[in-house]
Number of protein chains: 2
Amino acid sequence: MSTADIQQDVLEVARRARTASHTLALATRAEKDRALHAMADALAERHDEVLAANADDVARAEADGTPANIVDRLRLTPDRLDAMSQGLRDVAGLPDPVGEVVRGSTLANGLELRQVRVPFGVVGMIYEARPNVTADAAGICLKSGNAVLLRGSSSARSSNAAIVAVLRDAVTTAGLDADVVQLVPGETRDSVKALMRARGHVDVLIPRGGAGLIRSVVEESTVPVIETGVGNCHVYVDRAADLDKALAIVLNAKTHRTSVCNAAESLLVHADVAEQFLPRVVAALQDAGVTIHGDPAFGAHDGVEPATDDDYAQEYLSLDISAAVVPDLDAAIAHIRRFSSQHSDAIVTEDQGAARRFVAAVDSAAVLVNASTRFTDGGEFGFGAEIGISTQKLHARGPMGLPEMTSTKYVVTGDGHVR
Amino acid sequence: MSTADIQQDVLEVARRARTASHTLALATRAEKDRALHAMADALAERHDEVLAANADDVARAEADGTPANIVDRLRLTPDRLDAMSQGLRDVAGLPDPVGEVVRGSTLANGLELRQVRVPFGVVGMIYEARPNVTADAAGICLKSGNAVLLRGSSSARSSNAAIVAVLRDAVTTAGLDADVVQLVPGETRDSVKALMRARGHVDVLIPRGGAGLIRSVVEESTVPVIETGVGNCHVYVDRAADLDKALAIVLNAKTHRTSVCNAAESLLVHADVAEQFLPRVVAALQDAGVTIHGDPAFGAHDGVEPATDDDYAQEYLSLDISAAVVPDLDAAIAHIRRFSSQHSDAIVTEDQGAARRFVAAVDSAAVLVNASTRFTDGGEFGFGAEIGISTQKLHARGPMGLPEMTSTKYVVTGDGHVR
């Protein structure tokens, strides 16, 4: 298909999404929750269909020599499908963000002013391997009143097509317009480009995936973007740290799950506690299979690799960590300002003044005191559902739940008021 | 100067702004308010200097044959300078948005979660003729903890340079870093381009001015943008309207001030009241000097020009209004969805059901019931200060006051918590 044809096709689904979004914006919570339960039921009833489509994707990935961990992400099982259904039911159980009055007042002239949450309208999602994102995003967008255009990776195309077919049928059964959930047509980069250029047709784009994907969307899109999920997260062990807590936090932040954006990628230690802490933390990390890329102070320990600036800038997403000793708190802050991706950065300290200064000076989506960076998560924060973790400053920052998937409008009610 | 040199110069001021923003983010409300009063005092004390610079701009504009209304916008007077000082004092009197806890809870595991307002960091303002925006923007940014890079129009370059020199001296006197207020160097479009490409160095760009300026920033910028102020605003007179209120609202919305974004540009009238209302509204608008660009129903009246789709799409900013009769409420909503710039749209009706449906279905920054579109304004809404009116859905929508000039961060406090 030519680039122009793909553009036309993408604009056509966007137009259908816009029309569907007008009805969805007016749907009641009860209508939306009914659709979410219908989607969950349909996924449960049509396991075989989705698993068969997924088997095609898995077979193709294996034939292409895709690494086993990527194939595992792609693979659906009855348990994973049940989890997708449960996710949709969980979203149905959450409050409807649409219509929430964010603020309100009666002005001196008697005008009634209400700032009310409304859907964005049409949301575009661009994401990589995991097919469960397809159902999660559809559910969160539907509940927040948004029509969604889904552009998963081509490696998951059969799975995504099967899931979307099931979900659309369920939406129709529940009495809503199926076009609130649509796949973006086309499997080449041209269709992603068309989506990024559909300003006015798509209200917001949310890329989820690796740093390369996100950077390209942020740079090329004329549609407003919510940037997500690149995490070069730090743990700073202060002079006044309880070193037992510090050890537990560093190990948890690095090793609890390595492939996630809230995993720690860099360790900073105050010089005053380096002599005491370094032998312990080096041994514990190495016992857990972690390779340390350290400055000369760390380098004095066996098995530590020398670190370059590239290491400090890196989001490893693996059993690797960069490490340095810093002369004081301000040096730790300066290091974090230079290298952090402003996702999640933690201080371990019993010193209230140091904690206050770190919290005020470190400008990240989440700043943690005596807690693992792994807590930056919609589920952990109690949001009930998460569409991603924003690392930008505009609109939403940190884990995004249902309220972050809305805009607002002012409703001004008078009785013939003029200026 | 070469494009590369200008880029370097713009990045250099952005870097200085970043450094200054780190200190400003930690400044207390008292320190910031002291600086705002010092800025107001300095502008009052140095009238002559600013007026002399302004006289240069005015002379140049007149020599270039600039239209009188544009020259008037450019011209400063002692009264206008006093108003700028008063604006800075008003901002000092407003609550500090930084540090406000937007939400907070203690999680099941005892972690304390707080979502706190923080400054963006570095804000870029791109704006047209009025030099008062220079002081207004500097004041609002300083109070919200943001370093600002100001890029006014070259027609106001002497005025803006003089105002910024005065403000920077005052900031220094008050003990803050003068680099929280800087002019963007360079007077060609290259410097605007460099600002729009300074992603990572500038956190948000706010263009204020005509539709052309805003469109070009939105399309070319890789820095996140808050789109402001294009207003193709509608007044819809429903079948159940009180026609006296309707007449007053239409006249006020169109003629109270024509050059502003919340002025009405289009009038829609329900067919059932057209026979009764059209003669009155046509006469009243024409008496006020308004040219009506109408559909055939309006065209039956003397002096009404025929309207094309271009008229319905137009933001006149003059004594012109497009007008049409619609068969019903849904046709009014469809017309508004097609042509509105989603700034401010009003319905005049005594029918609660019609008002509810209009409010729910019209997706604009402000939807007004029985009130003039002219009320969409930070001052009217009681915000005390306004940096612009956002017409986008991301981050802020409608009039933007101090809280809209902030982002948030999550502060998570534990006692050695791990997952």
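The values are calculated or read from the model by the stated rules, or taken from the named source; none is laboratory data. Every value quoted in this text rests on a predicted model; they were computed, and no experiment measured them. Every residue, glycine as well, gets a Cβ built from its backbone with ideal geometry; the counts of neighbours run over all protein chains shown.
Filter region A:254-264 down to the residues that are within 12 Å of chain B (Cβ to nearest Cβ) and either surrounded by 24 or more Cβ atoms within 10 Å (Cβ to Cβ) or under 20 Å from A:ILE336 (Cβ atoms) (or both) and list them by number. Selection gives A:LYS254, A:VAL260, A:ASN262, A:ALA263, A:ALA264. Might you let me know whether region A:329-337 holds any residue that is out of contact with any Pro (no Cβ under 6 Å at 6 or more places or on another chain) and in a loop (DSSP other than H, G, I, E, B)? There is no residue in region A:329-337 that is out of contact with any Pro (no Cβ under 6 Å at 6 or more places or on another chain) and in a loop (DSSP other than H, G, I, E, B). For region A:187-238, a residue qualifies if it is part of a loop (DSSP other than H, G, I, E, B), under 13 Å from the mean Cα position of the chain (by Cα) and among the hydrophobic types (A, V, I, L, M, F, W, C), and the qualifying residues are A:ILE226, A:VAL230. For region A:147-186, residues that are outside any helix (DSSP H, G or I), out of contact with any Leu (no Cβ under 7 Å at 6 or more places or on another chain) and hydrophobic (A, V, I, L, M, F, W, C) total 2. Identify the single condition in (1) of a type in the set (S, T, N, Q); (2) at pLDDT below 95; (3) in contact with a helix residue (DSSP H, G or I) (Cβ under 8 Å, 6 or more places away or on another chain) that A:ASN252 does not satisfy, given that it satisfies every other one. Every listed condition holds for A:ASN252 apart from (2). Scanning region A:382-394 for residues that are at the interface with chain B (Cβ under 9 Å from one of its Cβ atoms) and crowded, with 23+ Cβ neighbours inside 10 Å returns a single hit, A:LYS393. Run down A:LEU243, A:LEU251, A:LEU267 and say which single residue is surrounded by 19 or more Cβ atoms within 10 Å (Cβ to Cβ), within 11 Å of chain B (Cβ to nearest Cβ) and more than 29 Å from A:VAL148 (Cα to Cα). Only one candidate qualifies: A:LEU251.
Listed conditions (1) more than 7 Å from chain A (Cβ to nearest Cβ); (2) within 24 Å of A:HIS22 (Cα to Cα) are all met by B:ALA360, apart from (1). Once region B:395-416 is narrowed to residues that are among the charged types (D, E, K, R) and under 16 Å from the mean Cα position of the chain (by Cα), the residue that is nearest to the other protein chains (Cβ to nearest Cβ) is B:ARG397. Can you tell which of A:ARG168, A:ARG157, A:ARG151 is outside the structural domain of A:TYR316 (by TED's automatic domain parsing), within 22 Å of A:ARG34 (Cβ to Cβ) and not acidic (Asp, Glu)? Only one candidate qualifies: A:ARG168. Is at least one residue of region B:98-115 basic (Lys, Arg), over 24 Å from B:ALA44 (Cα atoms), under 25 Å from the mean Cα position of the chain (by Cα) and at pLDDT 95 or above? Among the residues of region B:98-115, not one is basic (Lys, Arg), over 24 Å from B:ALA44 (Cα atoms), under 25 Å from the mean Cα position of the chain (by Cα) and at pLDDT 95 or above, which makes the answer no. The set of residues in region A:201-226 that are more than 12 Å from chain B (Cβ to nearest Cβ) and under 25 Å from A:ALA264 (Cβ atoms) comprises A:PRO207, A:ARG208, A:GLY209, A:GLY210, A:ALA211, A:GLY212, A:LEU213, A:ILE214.
The number of residues in region B:1-28 being among the small types (Gly, Ala, Ser) and more than 13 Å from B:ASP177 (Cβ to Cβ) comes to 3.
I want to confirm something. Restricting to region A:372-381 and keeping residues that are within 8 Å of another protein chain (Cβ to nearest Cβ) and in contact with a helix residue (DSSP H, G or I) (Cβ under 7 Å, 6 or more places away or on another chain), which single residue is surrounded by the fewest Cβ atoms within 10 Å (Cβ to Cβ)? Applying the filter and picking the extreme gives A:ARG374.
For B:LEU81, the requirement of being surrounded by 18 or more Cβ atoms within 10 Å (Cβ to Cβ) and part of a helix (DSSP H, G or I) is met. Only a single criterion out of (1) under 25 Å from the mean Cα position of the chain (by Cα); (2) under 30 Å from B:ALA360 (Cβ atoms); (3) crowded, with 18+ Cβ neighbours inside 10 Å is not satisfied by A:ALA27, namely (1).
Among the candidates A:GLY294, A:GLY289, A:GLY229, A:GLY303, the residue that is closer than 22 Å to A:ASP363 by Cα and more than 14 Å from chain B (Cβ to nearest Cβ) is uniquely A:GLY229. Among B:VAL58, B:VAL13, which is touching a strand residue (DSSP E or B) at 6+ places or on another chain (Cβ under 6 Å) and assigned to a helix (DSSP H, G or I)? Unique residue meeting the criteria: B:VAL13. Answer yes or no as to whether A:ILE163 is β-branched (Val, Ile, Thr), surrounded by 22 or more Cβ atoms within 10 Å (Cβ to Cβ) and modelled with pLDDT of 95 or more. Judged against the criteria, A:ILE163 is a match. Residues in region A:193-214 that are in contact (Cβ under 8 Å) with a residue 60 or more places away in the chain and more than 27 Å from B:GLN342 (Cα to Cα): A:ARG208, A:GLY209, A:GLY210, A:ALA211, A:LEU213.
Can you name every residue in region B:308-322 that is in a loop (DSSP other than H, G, I, E, B) and closer than 19 Å to B:THR255 by Cβ? Once the filter is applied, which keeps residues that are in a loop (DSSP other than H, G, I, E, B) and closer than 19 Å to B:THR255 by Cβ, region B:308-322 yields B:GLN314, B:GLU315, B:TYR316, B:LEU317, B:SER318, B:LEU319.
Return a yes/no flag: does region B:101-108 have any residue that is within 14 Å of chain A (Cβ to nearest Cβ), free of Cβ contacts under 8 Å to residues at least 12 places away in the same chain, among the aliphatic types (A, V, I, L, M) and exposed (fewer than 15 other Cβ atoms within 10 Å of the Cβ). Checking region B:101-108: at least one residue is within 14 Å of chain A (Cβ to nearest Cβ), free of Cβ contacts under 8 Å to residues at least 12 places away in the same chain, among the aliphatic types (A, V, I, L, M) and exposed (fewer than 15 other Cβ atoms within 10 Å of the Cβ).
With respect to being touching a Phe, Trp or Tyr at 6+ places or on another chain (Cβ under 7 Å) and either in a loop (DSSP other than H, G, I, E, B) or at pLDDT 95 or above (or both), A:ALA297 falls outside the description. Taken together, the residues in region B:45-60 that are buried (at least 17 other Cβ atoms within 10 Å of the Cβ) and not basic (Lys, Arg) amount to 6. When B:VAL290, B:VAL304, B:VAL282, B:VAL326 are checked against the criterion of being under 23 Å from A:ARG18 (Cβ atoms) and β-branched (Val, Ile, Thr), B:VAL326 stands alone in meeting it. Residue pairs whose Cβ atoms lie under 6 Å apart, separated by 6 or more positions or on different chains, with the first residue in region B:120-131 and within 14 Å of chain A (Cβ to nearest Cβ) and the second surrounded by fewer than 24 Cβ atoms within 10 Å (Cβ to Cβ) and aliphatic (A, V, I, L, M), are B:PHE120/B:VAL204; B:VAL123/B:VAL204. Of the strands (runs of 3 or more DSSP E) that lie entirely inside region B:344-419, those containing 1 or more residues that are modelled with pLDDT of 95 or more and assigned by TED's automatic domain parsing to the domain that holds B:SER144 span B:398-400, B:406-417.
Among the residues of region B:271-306, those identified as small (Gly, Ala, Ser), closer than 24 Å to B:ALA241 by Cα and without any contact (Cβ under 8 Å) to a residue 40 or more places away in the chain are B:ALA283, B:ALA284, B:ALA288, B:GLY294, B:ALA297, B:GLY299, B:ALA300.
Restricting attention to region B:24-46, the residues that are farther than 19 Å from B:GLY121 by Cβ and either part of a loop (DSSP other than H, G, I, E, B) or modelled with pLDDT under 95 (or both) add up to 1.
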